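Participant: The structure's right below; bear with me while I get my questions together.
The values are calculated or read from the model by the stated rules, or taken from the named source; none is laboratory data. No experiment lies behind these values; they were computed from the predicted model shown. Neighbour counts are summed over all protein chains in view; Cβ atoms, including those assigned to glycine, are modelled from backbone coordinates with ideal geometry.
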Amino acid sequence: MEKRTHHHQKSGKVFVGAALALVLLMLTLIVFTVDTAEYAVVTQFGNPVAVIREPGLNVKLPDPVQTVQRLDKRIQVYQANALELLTLDKKSAAIDYYGTWKISDPVVYLKTVKDKPGAEARLLDVFSAGLRVQFGKYNLDELVNVDAEQLKLDGMLTEAVAYARGRTAEYGIKNPHFWKLITFLITHQFPVS
């Protein structure tokens, strides 16, 4: 009789241990945390069903029914390669710039660009198009000059940023900037024929 009770106690401990392990496994599948520096988008079979913008502990259905996509909500820096542009007076200049941006709408961002490399590819198009359009409206001596009264670089960059802002919202991106650092390397001073 004593053997049977000892056997039942041992079986009960194994059962409780297995049940506890199963509960912990289930918790890891349905509970997740969101950091202060990120958005979490809960997707159900690939479709967004919830956006968590605040840090903390959250619950979802277990994988693969619902998954969590994490997106950085801090300001991102995009370093572009040198870009060769023509001025209004047909002078060629190579510029080097970087841009900053931030996710404004996580769902639109995921649907349109999917990830940071996708966002940077779109931003390259938007930034370079904005700079090309605006650069082509000015003569070189209006953009590079020691006389502050003739210099129109700040105005050109403000217009280029406004152009970019108008086109990045459709990707769930806000606050595109690229006036923080812009250096010019004049490649040649002769009109392009």
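Participant: For the stretch 116-148, give me each residue that is among the aliphatic types (A, V, I, L, M) and in a helix (DSSP H, G or I).
Facilitator: ALA119, ALA121, LEU123, LEU124, VAL126, ALA129, LEU131, VAL133, LEU140, LEU143
Participant: Shifting gears a bit: May I ask you to list pairs of residues, at least six apart or on different chains, whose Cβ atoms are under 7 Å apart, with the first in the stretch 16-31 being on the phi > 0 side of the Ramachandran plot and assigned to a helix (DSSP H, G or I) and the second being exposed (fewer than 11 other Cβ atoms within 10 Å of the Cβ) and at pLDDT below 80?
Facilitator: Note: no pairs meet the criteria.
Participant: Can you tell me which of LEU157, LEU143, LEU123, LEU131 is over 16 Å from THR87 (Cβ atoms), buried (at least 20 other Cβ atoms within 10 Å of the Cβ), assigned by TED's automatic domain parsing to the domain that holds LYS91 and touching a residue at least 24 places away in the same chain (Cβ under 8 Å)?
Facilitator: Step by step, each of LEU157, LEU143, LEU123, LEU131 is checked, and only LEU123 is over 16 Å from THR87 (Cβ atoms), buried (at least 20 other Cβ atoms within 10 Å of the Cβ), assigned by TED's automatic domain parsing to the domain that holds LYS91 and touching a residue at least 24 places away in the same chain (Cβ under 8 Å).
Participant: Checking LEU85 against (1) touching a Pro at 6+ places or on another chain (Cβ under 9 Å); (2) over 18 Å from VAL107 (Cα atoms): exactly one of these is not met. Which one?
Facilitator: So LEU85 meets the others, but not (1).
Participant: Can you tell me how many residues within the stretch 116-125 are over 26 Å from PRO48 (Cα atoms) and touching a strand residue (DSSP E or B) at 6+ places or on another chain (Cβ under 7 Å)?
Facilitator: 0
Participant: Taking into account only those residues within the stretch 149-193 that are charged (D, E, K, R) and within 20 Å of ARG74 (Cβ to Cβ), which is modelled with the lowest pLDDT?
Facilitator: LYS180
Participant: Another question, then. Count, please, the residues in the stretch 70-115 that happen to be assigned to a helix (DSSP H, G or I) and touching a strand residue (DSSP E or B) at 6+ places or on another chain (Cβ under 7 Å).
Facilitator: 4
Participant: Which of the residues that make up the stretch 48-76 are free of Cβ contacts under 8 Å to residues at least 60 places away in the same chain, surrounded by fewer than 12 Cβ atoms within 10 Å (Cβ to Cβ) and within 16 Å of the chain's Cα centre (by Cα)?
Facilitator: Our first condition is that a residue be free of Cβ contacts under 8 Å to residues at least 60 places away in the same chain; within the stretch 48-76, this holds for 49-74, 76.
If we keep only those that are surrounded by fewer than 12 Cβ atoms within 10 Å (Cβ to Cβ) as well, we get 53-54, 56-57, 59, 63-64, 74.
Scanning the stretch 48-76 gives ARG53, ARG74.
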